[in-house]
Every structure is written in structure tokens, then in C-alpha cells.
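Below you'll find the structure, written out as C-alpha cells, and then a few comments.
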Amino acid sequence: MSSRHKRRILNLPLKLVLTQEGSEFFIKQNRKLMKLKLAEHVEDYGIALDAFAPKTVQGLLLSGYVSLIEVSPPEFASSRQEIIDLSKLIVHSILYRQYDCYVFRQILNSEVIKKWNRSNPGSSIDEHANLNAPFIYNHLKQHEAHVTQIKHHILRLLHASLAACEERTPKEKNTLLFLGEKFLDTLRPFTWFIISKFQHAPDMGSVLSSIHTSLAQYLNKARIAEYIALVLVELLINEENTNLKKEVQKLFPDLEDTQEALCDEGIRRRIVAELKHNAESLFISWKLEGRSVSTAGTRSKLKITVYGRNDYPQEMRNCLQDAKVVNADTDTLVDYCQQTIDTAKHANLGVYYISYLSEACKEANVRFESSLNRFTRSEFTTVDLSFAF
């Protein structure tokens with residue numbers, strides 16, 4: 001199937017606030033938790049990383065060990081790709097967890113399991129079934145070829161449906177196949193134990209068909225991750241440029257063109273160092289709900305907050321509050337980004353990209369709200385992007 005090269009280490013300092021389960025996990029590993037200083041002088045306990053392996057952070061997210069992630073690098077522009085990768089990793093992890101819970105519930109409610117439970121009341125299979133991890137691991141090891149075959153069957157169904165879709169480019173189809181593999185690979189071992197154990201049951205075909213259908217739905221939601229990342233980097237870079245220009249005017253009051261000054265590497269380094277020394281950094285946080293909320297009838301929620309130090313004109317405020325659509329019926333967000341990136345140097349593109357993000361969320365059945373807040377006692381203006389997947 002498809003494959004893709006991924007960077008092993010992202011050089012982006014992270015602060016991770018842990019859930020209760022996460023704290024207990026690290027304490028059992030004899031890892032001392034740190035008191036983290038977060039945006040708006042908030043303090044909480046967790047861990048801090050100077051750099052990280054995406055696979056490691058994703059493992060913590062999938063286990064429900066993280067409640068909030070915050071980054072505040074000295075300069076966002078030089079960390080643009082890392083922020084994009086981190087944001088997409090967080091959104092994908094949320095969807096992997098939700099898909100895992102959805103598939104598990106579908107299997108437990110299937111005719112295959114209902115028939116088994118009626119015939120074997122003493123060894124019924126449900127979410128409370130007491131099967132230890134080593135037993136499941138050994139079973140899957142013995143039936144590894146069968147599990148792989150089943151995964152390939154589901155991915156062949158996905159490939160066939162993508163091949164029939166003329167609207168997607170070959171690159172998009174390959175990306176979706178890659179994500180499809182990831183969704184299946186992150187299903188809990190107990191799910192694959194049940195599937196492999198009952199693979200020859202008469203009703204298992206309908207179960208696999210349901211897994212494929214729901215996989216297509218979640219892949220549609222997954223494209224939101226790209227849009228969120230684009231919105232974030234534009235909001236952040238706009239905030240940072242405004243912040244840097246203010247500092248240029250303080251240190252070099254005689255300069256006429258602050259933008260040209262920022263293109264000078266020496267001046268830019270001095271400005272960034274000055275802002276860091278004065279503790280005037282910008283922040284971005286991703287707030288997640290724990291694994292315990294991923295139950296029937298609930299949505300996984302994510303709140304992203306950009307902490308800036310600049311006010312917004314009323315036009316931008318209205319766009320944030322109302323998520324007005326700007327040609328969203330003719331262009332995708334990525335298209336619009338490419339069309340305007342060279343001609344809107346001073347515009348806050350991120351605010352307008354929210355139009356596209358809002359439209360894409362509606363199509364994927366993702367609830368989305370955006371707002372801008374400035375509180376009297378706060379030094380920050382915050383842009384909040386809230387999602388319910």
C-alpha cells in the first residue's frame with residue numbers, strides 16, 4: 001500500500017499538561033513532573049520537551065495522557081513547518097482515537113458478537129471483557145498474517161472507492177490511502193483480536209463493510225487538519241510580524257520601512273532576542289478532552305487558542321465571529337492560499353481562511369466556532385478556534 005517519509009524529530013519546544021492518567025503513568029515510570037508556566041501566568045504540572053519524536057507525542061495523545069499542548073518558540077516564522085506538522089498530528093490523533101472507539105462499539109453491537117454472547121453467556125465479549133494484554137498480543141502474533149490480510153481487504157475497498165472518485169488528484173488519493181492505513185493501525189488490539197477470531201463468521205463481511213464505510217467518513221474529516229494548520233500559521237505569522245514591527249520602532253525610531261528592517265537577519269535576530277528577554281513571546285495552545293469522553297453519543301473536542309498582543313480591526317473581528325464565506329464554493333483553502341500569498345503581504349490571511357475552514361467543517365459534520373477576545377486584565381488578545389469532531 002502507500003508509504004510516506006516522515007521526519008523522526010521535530011525541533012519545536014513543547015509543554016504538555018497531563019491528564020490524571022498521564023500523571024499516574026509518568027509517576028509510575030519514576031519521571032518527575034514539572035511545574036509548567038503557561039500563557040497568562042497559568043501554572044500546571046506536566047512535562048517539557050526541547051524537541052520530540054512525532055510518534056512519541058502521538059502515543060501519549062492516543063493513550064489519553066495529554067490535556068493541553070502549548071508552544072511558544074522565540075520565532076514562529078522559522079518554526080512554520082514544525083507547527084504545521086504538530087497541529088496536523090494533534091488533529092489526526094483525535095480522529096484516530098474517535099475512530100477506534102466508533103469501530104469498537106460497532107463490533108460489540110454487531111450480529112457476530114450478539115450471537116456469540118447468546119451462545120456463550122459465561123464468556124461473553126463486551127467492553128469489560130477480562131482478557132489480559134499478553135494473551136491478546138500472543139493471539140495477534142500467531143494470526144499476524146490473517147490480520148494483515150484483513151487490513152489489506154479494507155484498504156482495497158478504500159482504493160476502489162477512491163479510484164472511482166474523479167474529483168481527487170493522484171496525490172490526494174495516495175495521501176488518503178496513507179491515512180487509511182494509519183486509522184487501521186491505531187485500532188486497539190482487542191478490536192483486531194475479535195476480528196481475527198471471528199473472521200469466518202457469516203456476518204463478518206457486513207462488519208468489515210461498516211469499517212470501510214466509516215473509514216471513508218473519517219478520512220473526510222481528516223482533511224480539516226490541513227485547513228486548521230494553514231489558518232494557524234497565518235494567524236501566528238501575522239501576530240509575530242506586528243509584534244516585531246512594534247519592537248523595531250522602539251529600537252530604531254528613525255527607520256522608515258520596518259518591514260525592510262525585518263528582512264535584515266542581524267536586526268531580526270536582535271529584535272527576537274529583545275522580545276524573548278522582555279518575556280513578550282506569543283503562545284499557541286491545543287486543549288483536548290481526555291479519553292474518558294470518547295464514548296457513545298459524544299464528540300471529541302479541541303480548542304486552539306492563539307495568544308497575541310495586537311488588537312484587530314472591526315472587519316477582522318466580524319469575520320472571526322461570523323465565519324463569513326469568501327468564494328468558498330469555488331476554491332479550496334489551499335488554492336486560495338496559493339493565489340493570495342504573494343499579493344496580500346500585510347493582510348491577515350488567517351482570518352479570511354477561517355471562511356474556508358468553516359465551510360469544510362460543515363461538509364465533514366464537524367462543529368466549528370471561532371471568536372476573538374480581549375479581557376481588561378489580560379495582556380493578550382486571543383483567537384479561539386473550537387472544534388467538536
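Structure above, values below:
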{"read-out": "Selection status of residue 232, in contact (Cβ under 8 Å) with a residue 60 or more places away in the chain and under 21 Å from residue 364 (Cα atoms)", "value": "yes"}
{"read-out": "Matching residues in segment 10-57 - criterion: being part of a loop (DSSP other than H, G, I, E, B) and over 19 Å from residue 289 (Cα atoms)", "value": "11, 12, 13, 29, 30, 31, 32, 33, 50, 51, 53"}
{"read-out": "Helices (runs of 4 or more DSSP H) wholly inside segment 105-192 containing at least 1 residues that are more than 27 Å from the chain's Cα centre (by Cα)", "value": "111-119, 133-142, 144-163"}
{"read-out": "Among residues of segment 39-48, those that are modelled with pLDDT under 95 and surrounded by 15 or more Cβ atoms within 10 Å (Cβ to Cβ), counted", "value": "1"}
{"read-out": "Test for residue 97: is it charged (D, E, K, R), under 23 Å from residue 183 (Cβ atoms), in a helix (DSSP H, G or I) and touching a helix residue (DSSP H, G or I) at 6+ places or on another chain (Cβ under 9 Å)", "value": "yes"}
{"read-out": "Top-ranked residue in segment 247-277 [being more than 18 Å from residue 78 (Cα to Cα) and without any contact (Cβ under 8 Å) to a residue 12 or more places away in the chain; ranked as nearest to the chain's Cα centre (by Cα)]", "value": "277"}
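To keep it simple, each residue is scored yes or no on (1) at pLDDT below 75; (2) under 26 Å from residue 241 (Cβ atoms).
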site: 336; (1), (2): yes, yes
site: 339; (1), (2): yes, yes
site: 371; (1), (2): no, yes
site: 388; (1), (2): no, no
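Here is a yes/no grid of residues against (1) in contact (Cβ under 8 Å) with a residue 12 or more places away in the chain; (2) of a type outside the set (Val, Ile, Thr):
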site: 85; (1), (2): yes, yes
site: 95; (1), (2): yes, yes
site: 102; (1), (2): yes, yes
site: 116; (1), (2): yes, yes
site: 119; (1), (2): no, yes
site: 125; (1), (2): yes, no
site: 130; (1), (2): no, yes
site: 144; (1), (2): no, yes
site: 154; (1), (2): yes, no
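The values are calculated or read from the model by the stated rules, or taken from the named source; none is laboratory data. Just so it is clear, the structure is predicted and the values come from calculations on it, not from any experiment. No Cβ is skipped: glycine too gets one built from the backbone with ideal geometry, and neighbour counts run over all protein chains shown.
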